[in-house]
Amino acid sequence: MINRTAVSLILVVITCFVLGCAHAPEVLIAQDSPYRSVDSLKVGTILHVPTGVELSKTQLFDLLADKRIVYVGEAHTNLAHHQVQLEILKAIEARHPGRVSLGMEMFNRSAQSVLDRWISGELDDRSFLKEWYSNWTAEYDYYKAILEFARNKKIPVIALNATDEQVRVISEMGLEGLSEEVRKQIPDLDPNDPYHRQALEAAFQGHAHPGSHGKPDPKVFDRFYQTMLLWDETMAQSVVQYLTTPAGQGRVMVVMAGGFHIGYGFGIPRRIFRRQPVSYATVLPQTDEIPEGREDLKMEMKQPKLPLYIADFVWKTGYEDLEDNQVRLGIFMGQDEKGVMVKDVSPGSSAEKAGFKAGDMIIAMGSEQIKEPFDLIYLMHQKKPGDKATLKFLRDGKPLEVEVTFQPLPHP
């Protein structure tokens, strides 16, 4: 997993559940069109923000088809947003068959060769899933339909994001802590967009650990901001590099990333346009109503008034989660030389009911050995509510085993 230490307050995974990771709250950006209140829109409405005109899906798709780059935002754990992304990808592919590429925030650039092998059919699903969970923290099933469509249509998937090491160094030490070697590997980071900074300061101040006098520590914010810049600039650089290669020339690209990277255009879109001015459009799926029990998706913040459109198009959706047949063991995992260590156990989970405790070392599920967290994640993917399995583990060096009945785990 990416070690995003300095940004663990709002945009980081603290540690990983089996078959699900603990996401920090996702920003749900909302700002009106000059003609229409975004909040007033009914689910399913597509709004052209600058004019306040409602569009049909076909009208939207036809307008997007004229663009070289189409940016589609998301809240990572809202399935409705991913369904919007898939509809747009399908529509662009239908209008430009064989000429579409897909850029994804979810993969860092070191994963590109693996993505190429998977799209070509050379890589099995287990190996691809392992790569997924080494890159991203949301469950694969949120993105499964998108990636399977890309593979079926042979759409190149382009890994956009910074490497784990680059993120780790900047989040822990800031730009001033970079070695000359690392500095040469990252793009130029432009910190001079005042609206980008205002929006991120608002998000940070609502969730940061206070420094002196109860205010957020400015040094911590600087590292957080530099990390956000690293993500945006690296993704922008990755898109431009691909589109200017022989493989990317003549292709249009759909870019999928979190709403804060796309909303208002000051993240990825403006930084790409600075490098290569091409036609583009931004689409932001927008959800206002969050169901009871999913308050973790909300971010309490004072939204700054910015003189910018939130996006070219807003697509109003509801909130949809994965089906209840997704099971979780309910442990936080850590890697140890002996295997997978239980760092903590979620209350009410299958693991708690089976008697697992922090410090236990899981070594097998049935006849399958568990050597690393992904082994357990993959085996859990095969389970449904009510399934049983024998888990073998060590407690204080003593081998034990217990039968576990798997169940869905409520969100925090």
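The values are calculated or read from the model by the stated rules, or taken from the named source; none is laboratory data. For clarity, every value in this text was computed on a predicted model and none was experimentally measured. Note that each Cβ is placed from the backbone with ideal geometry, even for glycine, and that neighbours are counted across all protein chains shown.
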Inset, instruction - Taking E148 as the residue in question, decide whether it is within 23 Å of M256 (Cβ to Cβ), exposed (fewer than 14 other Cβ atoms within 10 Å of the Cβ), modelled with pLDDT of 90 or more and among the acidic types (D, E). - result: yes
Legend entry - Selection count, the range 224-251, where residues are in contact (Cβ under 8 Å) with a residue 60 or more places away in the chain, more than 15 Å from I69 (Cα to Cα), surrounded by 21 or more Cβ atoms within 10 Å (Cβ to Cβ) and among the hydrophobic types (A, V, I, L, M, F, W, C): 4
Inset, instruction - Please state which one of M365, M333 is modelled with pLDDT of 90 or more and either touching a strand residue (DSSP E or B) at 6+ places or on another chain (Cβ under 6 Å) or within 20 Å of K144 (Cβ to Cβ) (or both). - result: M365
Inset, instruction - Would you confirm whether any residue within the range 18-32 is outside any loop (DSSP other than H, G, I, E, B), modelled with pLDDT under 50 and surrounded by 18 or more Cβ atoms within 10 Å (Cβ to Cβ)? - result: yes
Legend entry - One residue from L394, L376 being more than 29 Å from the chain's Cα centre (by Cα), modelled with pLDDT of 90 or more and of a type outside the set (G, A, S): L394
Legend entry - Test: R183 is in a helix (DSSP H, G or I), in the same structural domain as M235 (by TED's automatic domain parsing) and farther than 21 Å from T77 by Cβ: no
Inset, instruction - Please verify whether the range 290-301 includes one or more residues that are at pLDDT 80 or above and at positive phi. - result: no
Inset, instruction - Starting from residues that are over 17 Å from P408 (Cα atoms) and of a type in the set (G, A, S), keep the ones in the range 332-354 and report whichever is surrounded by the most Cβ atoms within 10 Å (Cβ to Cβ). - result: G339
Inset, instruction - Select the helices (runs of 4 or more DSSP H) contained entirely in the range 49-164, then report the ones holding at least 3 residues which are aliphatic (A, V, I, L, M). - result: 57-64, 79-95, 112-119, 144-152
Legend entry - Condition check for K371: in contact (Cβ under 8 Å) with a residue 60 or more places away in the chain, of a type in the set (D, E, K, R), outside the structural domain of L284 (by TED's automatic domain parsing) and in contact with a Gly (Cβ under 7 Å, 6 or more places away or on another chain): no
